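Student: This is the structure, below, for whatever I ask next.
Please treat every number below as a calculation from the coordinates, not as lab data. Since the structure is predicted, the reported quantities are computational estimates derived from the model, not experimental observations. So basically every Cβ, Gly included, is an ideal-geometry build from the backbone, and we count neighbours across all protein chains shown.
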Amino acid sequence: MSTQAGPPPMVQAANVSKWFGDLVAVSDVSFSIGAGVTALLGPNGAGKSTLLRMMCGLARPSNGMVTVLGKNPRTDVAVLGRIGMAPQQESLLDYLSGREFVELTAQLHQVDNPVEAARQAIQTVELDPDDPRRLSTYSKGMRQRIKLAQAIVHDPLVIALDEPLTGLDPRQRREMIQLFHRLGDEGKCVIVSSHVLDEVERFGSRVLVIAQGRLAAEGDFREIRNLMDDRPLRISIRTDQPRVLATALLENSVISGCRLEGTDCVVVDTTEPAAFRRAVAPMARDRDASLLELRPLDDDLESVFRYLVGQ
């Protein structure tokens, strides 16, 4: 019985490494990405931007191979016209207006009607194509959106967006995330890098976790979230009855250890963070203890990635 193969990957990395002198930015990373939205999640300096630059043909791998639509973006000029990129860097042609900037990108990609294409792309990111102001006057959020407009003006199949939501207000972020999904639903491969866990959760998409230049985890966001929730946590609890609350948590096996700090604080360790979160408030209530503050001491993004890398 014959089986039908699925569609080929639109972006593929095979044992890719990139180093700059003694600095290893990316180390032996392999993955395949198809249509839809894929999040590239990792702390600053993890190697996300370097990976995106290699996908877009802007940097040559020191080892391994990156292919886009089955071609090498460093050597195949034709495939570059199928790629759009919004870099993290703020450097723009500040003497141009937004429309002139996006039109120039359309012209470089030999779009048939660059003026109309630029107008449509600018409207898509909710900016005014008739705004005569120079880019030098744009706010951070406007600059992010105009970079996105130039990334999509030539209707590319692969779109790489490096930290595109930085500087946007909550409404603008929501609209941009919806746009990413519309593009993905049209069959485009949209790769969005971010160091903000909550942003990636809202993408509701496949996630590649990059830490210390390595691929630490990959899969559906819920799977990645479960990995993060399974890791041990240290939490500071401020309460008017730290001894009473710590004893109750120990008796119910939702913490594995604790220590008192000062007169109103207990620091606890738990290997079951989900159970701890469910139990702490009812236990405090049942013992007439006031919860003044709950503060994870190692719940920053860096510690999440260090934990994943160690698995």
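Student: Based on DSSP, what percent of beta bridges with both residues in the chain are antiparallel, to the nearest 5?
Tutor: That works out to approximately 65 percent antiparallel.
Student: Go ahead and estimate [θ] at 222 nm for the chain from helices alone: -39,500 (n - 2.57) per DSSP H run with n ≥ 4, summed, over the residue count, rounded to 500. Don't jump to the answer; show the numbers that get you there.
Tutor: Numbers: 11 runs with 113 residues, N = 311.
Taken over the chain, the calculation gives -11000 deg cm²/dmol.
Student: If I take R0 = 22 Å and measure r between the Cβ atoms of Leu297 and Thr263 in this structure, what FRET efficiency does the formula 1/(1 + (r/R0)^6) give, to the nearest 0.05? Intermediate values should be presented prior to the final figure.
Tutor: On the way: r = 19 Å, r/R0 = 0.85.
Given R0 = 22 Å and the Cβ-Cβ separation, E is 0.70.
Student: Just report the Cα centroid separation between the stretch 154-214 and the stretch 231-271, whole Å.
Tutor: Here the answer is 38 Å between Cα centres.
Student: In degrees between 0 and 90, to the nearest 10, how far off the longest principal axis of the chain does helix 242-251 point, with axes built from Cα atoms?
Tutor: With both axes taken from Cα atoms, the answer is about 80 degrees.
Student: Roughly how many whole Å is it from the C-alpha centroid of the stretch 122-143 to that of the stretch 60-88?
Tutor: The stretch 122-143 and the stretch 60-88 have Cα centres separated by 28 Å.
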